[in-house]
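The values are calculated or read from the model by the stated rules, or taken from the named source; none is laboratory data. Predicted model, so just to flag it, every value in this text is computed and none were measured. Please note: Cβ atoms are built from the backbone with ideal geometry, for glycine as well, and neighbour counts cover all protein chains shown.
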Amino acid sequence: MSTSKASELTCDVIFDGDLSIWQRRQGYRFGLDALLLATDLPPIAEDATVVDLGAGQGVVALTIAHQHPQMKVVAVERQDSLLELLQKNITENGLDNVEIVAGDLREHRTLLTPHSADLVLCNPPYYPTGQRRPSPVRERAEARHEIHGALSDFVTASAYVLDQRGWLQMYTPPIRMMDGLDAARTTDMQAASLRFYHTDRDSDAYLIEYRFRRGGVPDFAIRPPLYIYQSQGLYSPEVANRIGRERR
C-alpha cells in the first residue's frame with residue numbers, strides 16, 4: 001500500500017488491543033452493531049465453519065477468527081477497496097483461519113460451496129434502492145443500500161451455503177422486519193428467534209436480530225431485548241462484557 005493510500009487509513013484497536021482494524025477515514029466504517037453480531041453466536045461447534053457475507057474490512061470475520069481460533073471463517077466481499085483492507089487486516093493480525101472469497105454473493109452457486117457452513121453472519125444493506133439518499137462515498141453507499149444485492153439475495157445465498165441444521169444470524173432495521181421474514185420463507189430455513197435492540201430502556205427498537213435455522217426448528221422465541229446503554233455514555237453490562245469496554 002502506497003504512502004498516499006496509507007494516509008487515508010485509520011487503525012482502530014478493539015478488544016483491549018487484541019485486534020487492529022484498518023479502515024478508510026472517508027469510507028465504510030464498522031460500528032458497534034458489527035461487534036455485537038460477532039460476539040453472541042448460536043450454538044455451534046468450536047471447529048465450525050462460519051461464513052461472513054459482505055465482510056467489508058473484516059471486523060466480524062476477524063472477531064470470530066480471533067475469539068474462536070479452531071473455527072474456519074470464510075469472508076465474502078465484492079468491493080476491491082474493501083478486499084484490500086480485508087487482506088491487510090488478516091495479515092497484520094496474524095489470523096490464518098480466515099479465507100477470503102472475492103465476488104458477488106448473487107453468484108453464490110459458482111462462488112460458494114453448498115452445504116459447507118454451520119453459521120452465516122450478515123448485516124445486509126438496510127435500504128432498498130430509491131429509499132433515502134445514498135452516501136456519495138461508494139463504500140458507504142454500497143454497504144447501506146441495495147445497489148449490488150437485496151436483502152433477499154443475502155438470505156438466498158445463506159440458505160445455499162448452509163448445511164442442514166445450520167444457522168443464519170443477521171440484522172435489519174425494524175422497517176425491514178417483514179422483508180426479512182418473507183425472504184426466509186422462500187427457502188427451507190425457519191425462524192428460530194428474534195431479538196430487538198434498543199439504545200436504552202426508554203427508546204424504541206432500532207435493530208432486529210434474526211436467527212434462522214436450515215431444516216426447521218422445534219420452537220420460536222422472542223429473546224429478551226438488548227439495551228445498549230444503562231446510562232449516558234455507559235454501556236449495559238451485557239454489551240460491556242461482549243465488547244470488553246464499559247464506556248462509549
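Summary of values
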{"item": "Extreme residue, nearest to Gln23 (Cα to Cα), among residues of the stretch 91-111 that are of a type in the set (Val, Ile, Thr) and out of contact with any helix residue (DSSP H, G or I) (no Cβ under 7 Å at 6 or more places or on another chain)", "result": "Thr91"}
{"item": "The one condition in (1) surrounded by 18 or more Cβ atoms within 10 Å (Cβ to Cβ); (2) modelled with pLDDT under 95; (3) over 25 Å from His108 (Cβ atoms) that Tyr28 fails to fulfil", "result": "(3)"}
{"item": "First in the stretch 46-69 and without any contact (Cβ under 8 Å) to a residue 60 or more places away in the chain and within 15 Å of Ala117 (Cα to Cα), second anywhere and part of a helix (DSSP H, G or I) and not basic (Lys, Arg), Cβ under 6 Å, 6 or more apart", "result": "Ile64/Ala38"}
{"item": "Of all residues in the stretch 211-233 being touching a helix residue (DSSP H, G or I) at 6+ places or on another chain (Cβ under 8 Å) and of a type in the set (A, V, I, L, M), the one that is farthest from Leu181 (Cα to Cα)", "result": "Ile228"}
{"item": "First in the stretch 219-248 and over 22 Å from Ile208 (Cα atoms), second anywhere and surrounded by fewer than 12 Cβ atoms within 10 Å (Cβ to Cβ) and aromatic (Phe, Trp, Tyr), Cβ under 9 Å, 6 or more apart", "result": "none"}
{"item": "Candidate set: the stretch 145-196, residues that are of a type in the set (S, T, N, Q) and within 10 Å of Arg214 (Cβ to Cβ); chosen: the one surrounded by the most Cβ atoms within 10 Å (Cβ to Cβ)", "result": "Ser158"}
{"item": "Filter result for Leu41 (assigned to a loop (DSSP other than H, G, I, E, B), under 14 Å from the mean Cα position of the chain (by Cα) and in contact (Cβ under 8 Å) with a residue 24 or more places away in the chain)", "result": "yes"}
{"item": "Any hit, the stretch 199-206, residues being small (Gly, Ala, Ser) and more than 21 Å from the chain's Cα centre (by Cα)", "result": "yes"}
{"item": "Scan of the stretch 81-111 for residues that are in contact (Cβ under 8 Å) with a residue 12 or more places away in the chain and among the acidic types (Asp, Glu), ordered by number", "result": "Glu84, Glu92, Glu99, Asp104"}
{"item": "Criterion: surrounded by fewer than 22 Cβ atoms within 10 Å (Cβ to Cβ), modelled with pLDDT under 95 and under 21 Å from Leu32 (Cα atoms) - qualifying residue of Arg78, Arg140", "result": "Arg140"}
